[in-house]
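> Here's a structure for you.
The values are calculated or read from the model by the stated rules, or taken from the named source; none is laboratory data. Owing to the predicted nature of the structure, the values given are computational and were not obtained by experimental measurement. Methodologically, a virtual Cβ is constructed for each residue, glycine included, from the backbone with ideal geometry; neighbour enumeration extends over all protein chains shown. Please note that ligands, DNA and RNA were not included when accessible areas were found on the heavy atoms of the full protein model with its side chains. Shrake-Rupley method; radii C 1.70, N 1.55, O 1.52, S 1.80 Å.
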Amino acid sequence: MTQEQALDILKLGKNVYLTGSAGSGKTHTLNRYIEYLKKHDVAVGITASTGIAATHMGGVTIHSYLGIGIKDSLDEHDLESLESKQYLYKRLEKVKVLIIDEISMLHHFRLDLVEQVLRHFKRNDKPFGGVQIVLCGDFFQLPPVRAGGQDESHFAYKSRSFKEAGFAVCYLSEQHRQKDDVLLSILEGIRSGGADESIARHLNKRAGKSDEIIGQPTRLYTHNIDVDSINQKELGQILGERETFEMSSSGNPKIVEILKKSCLAPEKLELKKGARVMFVKNNYDIGYVNGTLGTVVSLDGSGPLVETVDGERILVEKTSWTVEENGKVLAEIKQFPLRLAWAITVHKSQGMSLDLVEVDLTKSFERGMGYVALSRARTWEGLFVKGFNEMALLVNEEVLSIDGHLKERSENIAKWISEISDEDKSRAQKGFLASVAKTGKGDSGKVKKRSTYDETKDLLLEKRSLSDIAKARSITKETVVSHIEKLLEEDSAPDIYYLKNEVSGSKFKKIIEAFEECLEENPDRRLSPVKNILGPNISYNDIRLARLFLDK
């Protein structure tokens with residue numbers, strides 16, 4: 001399938017699994033679709049399974065976007081807690097299209113969590129709550145990793161939601177990263193499960209040539225211990241004293257250990273002026289994201305000063321990683337969000353395109369490792385191989401068995417889209433656009449739909465109860481309260497004082513007193529601290545409703 005055909009299918013609003021070999025233009029196609037959606041004012045969530053992959057599209061991790069963190073499951077209380085977060089409620093109420101890149105590294109059960117959260121927030125039983133889902137990635141690449149060697153991990157196609165959502169498979173066939181025949185033939189040979197002695201001979205030609213490297217390559221290793229060894233060796237070659245920054249922690253020891261394992265910042269961070277580093281957390285306000293590379297230009301009492309590859313200088317401060325439950329912090333760790341970056345693991349290289357790369361595959365332990373590492377190179381001349389074992393040339397047999405099925409599904413939908421007339425295709429695409437854009441006419445944007453808030457406002461003017469409004473609009477009472485919050489924020493709300501009686505007098509008094517009790521530590525009036533005071537007998541929605549009258 002061509003990129004143009006895939007783009008046409010995406011514009012029809014179908015749930016899509018966009019795939020293809022490394023360098024086939026998956027991310028480029030996604031970026032074109034994102035640009036199209038933004039041009040027409042469609043609310044799109046741009047995410048990826050990992051922080052580094054998210055940086056390629058200017059997005060965030062899917063875990064961060066949905067607020068699910070490191071959870072493996074969600075119960076009703078968890079969902080209610082998510083809904084109490086106003087920023088999350090507003091985000092998911094608006095979103096019409098959700099993109100998840102590097103889907104190969106997302107656990108099957110986490111895709112089901114995505115579906116669970118969207119159904120809850122959208123209040124319907126459609127797959128993913130009716131949001132268009134675009135999954136992008138290649139299952140020939142590395143599978144998800146479970147911390148601490150827990151239960152077996154499965155690719156996302158094993159999830160219930162993947163099977164039920166009817167994804168259109170768009171298998172891109174063009175090649176845009178690798179241009180020389182040698183590298184392409186090697187990658188295709190590995191990908192097809194046909195790696196043989198000829199491929200091994202070709203790779204051996206790139207071995208033992210480290211002395212020919214001109215410049216500083218990105219070095220890829222299969223194990224963290226080797227990455228750490230290279231980074232420490234490079235650090236040792238820089239003149240000057242090392243400065244060591246220790247991670248601090250507090251809270252439940254078992255949860256602290258889980259946090260440490262899931263956090264990319266090391267417990268003991270050693271730096272020198274001139275050290276090559278990578279940021280391991282997002283901070284858009286300051287100007288870095290997970291995966292931003294840079295060099296330490298100075299170290300003083302205020303923390304490391306890092307110059308990024310784009311020339312920006314950032315004075316780095318310690319940040320925290322936490323696990324919360326019911327508004328209470330169960331565990332917290334604090335460290336500078338940095339790690340040394342002369343070498344990185346193959347896992348963290350997924351999605352990168354490198355002009356100069358040196359790979360060591362002698363300790364490959366997972367099928368697909370060799371394919372991922374070798375396909376990072378743009379050219380045969382820019383690839384250097386320190387060595388490889390038999391595992392490096394193998395791919396996942398299960399993925400190999402379904403690859404033909406995915407290609408067949410892609411060929412069928414490519415044939416279908418090619419047989420639709422341009423007029424019918426354009427009409428259908430405009431119809432989808434009109435259903436998700438903020439304006440009612442998709443392309444023209446001349447006829448503006450009345451907002452959902454205005455429709456709720458009409459019923460508030462009629463002094464209707466929350467239950468009546470929810471029933472009339474086929475939404476929940478929680479959504480009605482969210483609409484009122486929006487109207488108050490825009491200073492366009494009608495008189496809502498009559499709704500005060502929706503919370504019983506005794507409950508209302510307790511809620512107001514709880515807000516006042518924690519006002520000093522909770523000046524922005526978040527719900528969780530108040531809920532923590534009140535306990536389980538008063539719902540989040542009662543607290544939200546009472547909050548509307550704090551200044552009245």
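> Roughly how many Å² of Met105 are accessible to a 1.4 Å probe, to the nearest 10?
Met105 exposes around 40 Å² with every protein chain in place.
> Related question: Can you give the FRET efficiency for Ser492 and Glu317, using 1/(1 + (r/R0)^6), R0 = 51 Å, r = Cβ-Cβ distance, to the nearest 0.05? Don't jump to the answer; show the numbers that get you there.
On the way: r = 39 Å, r/R0 = 0.76.
Efficiency computed from Cβ-Cβ geometry: 0.85.
> What FRET efficiency, computed as 1/(1 + (r/R0)^6) with R0 = 22 Å and r the Cβ-Cβ distance, is obtained for Ser504 and Arg525, rounded to the nearest 0.05?
On the way: r = 21 Å, r/R0 = 0.95.
It comes out at approximately 0.60.
> Also: Quick check: residue separation of Thr476 and Glu4 times 0.36 nm, minus the Cα distance between them. What number comes out in nm?
Values: separation 472, 0.36 × 472 = 169.92 nm, distance 4.01 nm.
Result for the pair: 165.9 nm of gain on full extension.
> Ordering Val97, Val60 by accessible area with a probe of 1.4 Å, largest first, what comes out? Present the calculation step by step, with values, prior to reporting the outcome.
Working: Val97 0, Val60 30 Å².
Largest to smallest exposure gives the sequence Val60, Val97.
> Below 15 Å, Cα to Cα, which aspartates and glutamates can Lys268 reach? Residues fewer than 8 away in the same chain don't count.
Answer for Lys268, where 15 Å is the Cα cut-off: Asp228, Glu243, Glu246, Glu257, listed by chain and number.
> Still on this model: Straight-line reach from Lys260: which aspartates and glutamates have a Cα under 12 Å away, not including same-chain ones fewer than 8 places off?
Within reach: Glu332.
> Using a Cα-Cα cut-off of under 18 Å, which lysines could be cross-linked to Lys531, ignoring same-chain neighbours fewer than 8 residues away?
Here the lysines satisfying the reach criterion relative to Lys531 are Lys85, Lys328, Lys507, Lys509, Lys510.
> So how much slack lies between Lys233 and Lys268, counting 0.36 nm per residue of separation and subtracting their Cα-Cα distance, in nm?
Values: separation 35, 0.36 × 35 = 12.60 nm, distance 1.58 nm.
Computed gain between Lys233 and Lys268 is 11.0 nm.
> Relative contact order for the stretch 55-133: what percent, with Cα pairs under 8 Å and sequence separation of 6 or more? Don't skip to the answer; put the middle values down first.
Working: 55 pairs, mean separation 22.7, N = 79.
It comes to 29 percent, rounded to a whole number.
> Now, a different point. So what is the relative contact order for the chain, in percent, with contacts set as C-alpha pairs under 8 Å and at least six apart? Please list the in-between numbers first.
Values: 942 pairs, mean separation 85.7, N = 552.
After rounding, I find 16 percent.
> Ok, one more. Specify which labelled value, from [x] 1.14; [y] 1.02; [z] 1.07, agrees with Cα Rg over 2.2 N^0.38 Å derived from the coordinates of the model shown.
[z]
> Can you give me the accessible area per residue for the chain, using a 1.4 Å probe, in Å²?
The answer is 47 Å² per residue.
> Would you mind calculating the relative contact order of the stretch 1-103 from Cα pairs under 8 angstrom and at least 6 residues apart, reporting the percent as a whole number? List each step's numbers first, then the result.
Details: 93 pairs, mean separation 30.0, N = 103.
With pairs under 8 Å counted, the relative contact order is 29 percent.
> So, one more: Which percent of the accessible area of the chain is formed by carbon and sulfur heavy atoms (probe 1.4 angstrom)?
Values: 12010 of 25780 Å².
Whole-percent figure for carbon plus sulfur exposure: 47.
> Cα axis of helix 452-461 to longest principal axis of the chain: angle in degrees, 0 to 90, nearest 10?
Tilt of helix 452-461: around 10 degrees.
> Run the simple label-point estimate for Asp125 and Thr295 please: 7 Å along Cα→C-beta, distance reported in nm.
6.1
> While we're here: Provide the gained length on full extension for the span Ile286 to Glu80, in nm with one decimal, where the gain is 0.36 nm per separating residue minus the Cα-Cα distance.
Details: separation 206, 0.36 × 206 = 74.16 nm, distance 3.11 nm.
Answer, rounded to one decimal: 71.1 nm.
> Please list, in order along the stretch 193-207, the HN-Hα scalar couplings obtained from phi with the Karplus expression 6.51 cos²θ - 1.76 cosθ + 1.60 (θ = phi - 60°), rounded to whole Hz, x for Gly and Pro.
Running phi through 6.51 cos²θ - 1.76 cosθ + 1.60 with θ = phi - 60° gives x, x, 4, 9, 5, 5, 5, 4, 5, 4, 5, 5, 5, 9, 8 Hz.
> Next question. Using Cα centres only, tell me the gap between the stretch 1-53 and the stretch 367-390 in whole Å.
27
> Next question, about the same structure. Mind ranking 125-131, 515-521, 371-377, 113-119 by how tightly packed they are, going by the mean number of other C-beta atoms within 10 angstrom, highest first? Mind showing how you got there, number by number?
Details: 125-131: 16.7, 515-521: 12.4, 371-377: 26.4, 113-119: 22.0.
Sorting 125-131, 515-521, 371-377, 113-119 by mean packing, highest first, produces 371-377, 113-119, 125-131, 515-521.
> Solvent-accessible area of Trp321, probe 1.4 Å, all protein chains present, reported in Å² to the nearest ten, please.
40
> Moving on. Show the residues, 5+ positions off or on another chain, whose built amide H is closer than 5 Å to the amide H of Asp138.
Correct list: Ile103, Ser104.
> So, one more: So what's the back-of-envelope 222 nm ellipticity for the chain, counting only DSSP H runs of four-plus at -39500 (n - 2.57) apiece and dividing by all residues, rounded to 500?
Details: 21 runs with 215 residues, N = 552.
Theoretical 222 nm ellipticity from helices: -11500 deg cm²/dmol.
> Along the Cα→Cβ direction, 7 angstrom out, place labels at Thr244 and Ile258. What is the inter-label distance in nm?
With each label placed 7 Å out from Cα toward Cβ, I get 3.0 nm.
> Continuing with this model, one more query. Do any of Lys96/Lys500; Lys90/Lys438; Lys14/Lys39 go past 22 Å between their Cα atoms, and which?
Numbers: Lys96/Lys500 33 Å; Lys90/Lys438 15 Å; Lys14/Lys39 19 Å.
Listed pairs above 22 Å: Lys96/Lys500.
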